[in-house]
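For reference, the structure is listed below as structure tokens.
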Amino acid sequence: MFSLEGQTALIVGIANDKSIAWGCARALAGQGARLAVTYLNEKAEPHVRPLAEELGAEIVRPLDVRDEAQMDALFEEIDTRWGRLDTLLHSIAFCPRDDLHGRVVDCSAEGFGLAMDISVHSFLRMIRRAEPLMPEGGTCMTVSFAGATRVVEHYNVMGPVKAALESTVRYVAAELGAKGISVHALSPGPLATRAASGIAEFDELLDEAATRAPTHHLATIADVGAYCAFLASREASNVTGGVHPIDGGYSIIG
């Protein structure tokens, strides 16, 4: 139905083979996209580089999104090697443990600021660098969760953070739509990822989601990847600004 042959994609957020970003990277590569993949630091590299090499990634670089020099170097290499970027996937989030496990009202200013910077503003910083590399249009995607729009027990301050991320998607989609750049938030249901393991009592949330979802199945990273690949295609070029549930219908159950 669609192909990504000849297109280029930057994947930020692979931690291991359970990562949402890994599911997306596999799907994009499977449809023919050429990949650039990042890893957080030297500790993460041994877990990420073999996965990137498995998919034939042409660019594999470190990226701590708080390091402007690293981000500049990454996009400079993309420009030098490819001269353009068709797809950007931002699949990262962070909150200090004490702030994540506490009440929202007790969240420290420092913790809230760090969560917003890494989980939300880093997406803007990437889009700003990607925009000149998308003269004929492109697709920018991030990852959200149902806790952005309703209270999910133990999700705590990440709910407001993801709400800000979803609002960011809408505003940037409106700003960049005339340039043919679409912006999306993928919103899978609960998944057993490394990032999710930091949420208290997450196993109970997984069980509850599987029970309540109309399909009675949790989403998989392959499900998310398939949707990601479609949104990256030219066939989806007139779709933008959306938050896309990929959750077996979990989000429609009150």
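FYI, it's all coordinate maths here, none of it is from the lab. Keep in mind that this is a model prediction, so the values were computed, not measured. Heads up, the Cβs are rebuilt from the backbone with ideal geometry, glycines too, and the neighbour counts pull from every protein chain shown.
Some points to look at:
- Using θ = phi - 60° and Karplus 6.51 cos²θ - 1.76 cosθ + 1.60, couplings along segment 2-19 (whole Hz; Gly, Pro as x): 8, 9, 10, 4, x, 7, 10, 9, 9, 10, 10, x, 6, 10, 6, 7, 9, 6
- Unpartnered cysteines - no second Cys beta carbon under 4.7 Å - across the chain: C95, C107, C140
- Neighbour counts of C-beta atoms inside 10 Å place K18, K179, K43 in the sequence K43, K179, K18, starting with the fewest.
- The fewest-to-most ranking of S91, S3 by surrounding Cβ atoms within 10 Å reads S3, S91.
- Residues L63, L10, L133 arranged by fewest to most Cβ contacts within 10 Å: L133, L63, L10
- Close amide H contacts of H244 (hydrogens built in the peptide plane, cut-off under 5 Å, sequence separation of 5 or more or a different chain): A185, L186, S187.
- Comparing mean-square fluctuations of D223, D72, D117 from a GNM of the chain with C-alpha springs under 10 Å, the top value falls on D72.
- Each helix, a run of at least 4 DSSP H residues, gives -39500 (n - 2.57); summed and divided by the residues of the chain, these come to -11500 deg cm²/dmol at 222 nm.
- Taking 0.36 nm per residue of separation and subtracting the Cα-Cα distance, full extension of the segment from H47 to R81 would add 9.8 nm.
- Using the alpha-carbon positions of segment 87-233, Rg (one decimal) and Dmax (whole number) come out as 15.9, 46 Å.
- For L88, distant residues with modelled amide H under 5 Å away: L10, T139, C140, M141
- Divide the volume of the convex hull around the Cα atoms of segment 84-150 by the residue count and you get 91 Å³ per residue.
- Computed over segment 8-248: relative contact order in percent, which uses C-alpha pairs under 8 Å that are six or more apart: 22 percent
- log10 of Debye I(q)/I(0), alpha-carbon scatterers only, for the chain at 0.10 Å⁻¹: -0.45
- Within the chain, the longest run free of GluC sites (Glu not before Pro) that sit in a DSSP loop with at most 13 other Cβ atoms within 10 Å is 43-135.
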